Amino acid sequence: MDMRTRVTAALKDAMKSKEADRLSTLRLINAAIKDREIAQRGTDDAAVGDAEVLSILGRMVKQRQESARAYEEGGRLELADKERSEIKVIEDFLPKQLDDDEADAAVAEAIAEVGATSVRDMGKVMAILKTKFTGQMDFGKVGPLVKDKLG
């Protein structure tokens, strides 16, 4: 089942079981996917694939984490909790996140696959990681790891 179908099915289930918070988050996910489709109209690749949906979901999680942090700093704990509950709903659709050891092994494997020897090859390594592990790792944290291994 593709990601789009999974989101639609979860949306219908949330409507039937009257889960208002989950339903609103699922509607946000659906809207983000539709926005991407609208932006791609007229191009050769108008359909939004699973990789793009994973990318959208990853971005949504990151936005909510930043918002939760900002709300906590501002003393708005109820809003921070709401952001965290949205993160949990979004993460239901993301693949399991790699732990530090798995990420380290994936970086080493990508470096070997590309034959990277210096920091100049970092783009090639990151491209391999993004194709294989989209939605499974935080590339903001992986970038410095790749740089250390190549440096």
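The values are calculated or read from the model by the stated rules, or taken from the named source; none is laboratory data. Keep in mind that what you see is a predicted model, and the values were worked out from it rather than measured. Cβ coordinates were reconstructed from backbone atoms using ideal geometry, including for glycine residues, and neighbour counts include every protein chain displayed. Just so you know, the surface numbers come from the protein's heavy atoms only, side chains and all, with ligands and any DNA or RNA stripped out. Shrake-Rupley method; radii C 1.70, N 1.55, O 1.52, S 1.80 Å.
Here are some pairs, LYS12/LYS88; LYS12/LYS141; LYS18/LYS88; which of them have Cα atoms lying more than 24 Å apart in this structure? Write down the numbers at each step before the final one.
Details: LYS12/LYS88 18 Å; LYS12/LYS141 35 Å; LYS18/LYS88 18 Å.
In this structure, LYS12/LYS141 lie more than 24 Å apart at Cα.
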Out of these labelled values of log10 I(q)/I(0) by the Debye sum over Cα atoms at q = 0.14, 0.18 Å⁻¹, (i) -0.82, -1.11; (ii) -0.61, -1.05; (iii) -1.02, -1.29, which was calculated from the coordinates shown here? (i)
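Report Rg/Rh for segment 23-66, rounded to two decimals, where Rg is the Cα radius of gyration and Rh the Kirkwood radius. Provide the component values of the computation, followed by the final result.
Numbers: Rg = 11.2 Å, Rh = 11.0 Å.
Rounded to two decimals, Rg/Rh equals 1.01.
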Please report the accessible area of VAL114 (heavy atoms, 1.4 Å probe, ligands and nucleic acids excluded) in Å², nearest 10. 50
Residue-normalised 222 nm signal for the chain, counting each DSSP H run of n ≥ 4 as -39,500 (n - 2.57), nearest 500 deg cm²/dmol, is -25000 deg cm²/dmol
So for the chain, taking the charge dipole from beta-carbon charges (+1 Lys/Arg, -1 Asp/Glu), which of MET126, MET3, ILE38 sits furthest toward the positive end? ILE38
In sequence order, what are the phi-derived ³J(HN,Hα) couplings for segment 103-108 according to the Karplus relation 6.51 cos²θ - 1.76 cosθ + 1.60 with θ = phi - 60°, rounded to whole Hz, with x for glycine and proline? 5, 4, 5, 5, 5, 4
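Taking the Cβ of GLN97 as the centre, find all other residues whose Cβ is under 12 Å away and add up their charges (Lys, Arg: +1; Asp, Glu: -1).
Working: positive: LYS96, LYS141; negative: GLU91, ASP99, ASP100, GLU102, ASP138.
That works out to -3.
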Would you list THR5, THR134, THR25 from the most to the least accessible area, probe 1.4 Å? THR5, THR134, THR25
Potential extension, ALA127-ASP13 segment - 0.36 nm per residue separation minus Cα distance: 37.4 nm
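How much accessible area per residue does segment 66-146 have, in Å², with a 1.4 Å probe? If you can, show how the numbers build up before the last one.
Working: 4900 Å² over 81 residues.
So segment 66-146 comes to 61 Å² accessible per residue, rounded to a whole number.
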Work out from phi, with θ = phi - 60° and the Karplus expression 6.51 cos²θ - 1.76 cosθ + 1.60, the ³J(HN,Hα) of each residue of segment 69-86, listed in order in whole Hz, and give x for Gly and Pro. 4, 5, 5, 4, 5, x, x, 9, 5, 5, 6, 5, 5, 5, 4, 5, 5, 5
When the Karplus curve 6.51 cos²θ - 1.76 cosθ + 1.60 is applied with θ = phi - 60°, which whole-Hz ³J(HN,Hα) does each residue of segment 113-129 get, with x for Gly and Pro? 4, 7, x, 5, 10, 9, 4, 4, 8, 4, x, 5, 5, 5, 4, 4, 4
Probe radius 1.4 Å, ligands and nucleic acids ignored: give me the carbon and sulfur share of the accessible area of the chain as a rounded percent. 51
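Report the trypsin sites (Lys or Arg not before Pro) located in segment 1-79 that are in a DSSP loop and have at most 16 other Cβ atoms inside 10 Å of their Cβ, or state none. Don't jump to the answer; show the numbers that get you there.
On the way: sites: ARG4, ARG6, LYS12, LYS16, LYS18, ARG22, ARG27, LYS34, ARG36, ARG41, ARG59, LYS62, ARG64, ARG69, ARG76; in loops: LYS18, ARG41, ARG76.
Of the trypsin sites (Lys or Arg not before Pro), the ones in loops of segment 1-79 whose Cβ has at most 16 other Cβ atoms within 10 Å are LYS18, ARG41, ARG76.
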Just to confirm my numbers, what's the Cα centroid distance between segment 8-54 and segment 83-112 in Å? 21
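Starting from the alpha-carbon convex hull of segment 59-141, give the projected area averaged over all orientations, in nm². It would help to have the intermediate numbers written out before the result.
Working: hull surface 25.6 nm².
The number I arrive at for segment 59-141 is 6.4 nm².
Under a Cβ-only charge scheme (Lys and Arg +1, Asp and Glu -1), can you give me the dipole magnitude of segment 15-151 about the Cα centre, in debye to the nearest 20? Walk me through the numbers on the way to the answer.
Working: 23 positive and 27 negative charges, 88 e Å.
For segment 15-151, the charge dipole is close to 420 debye.
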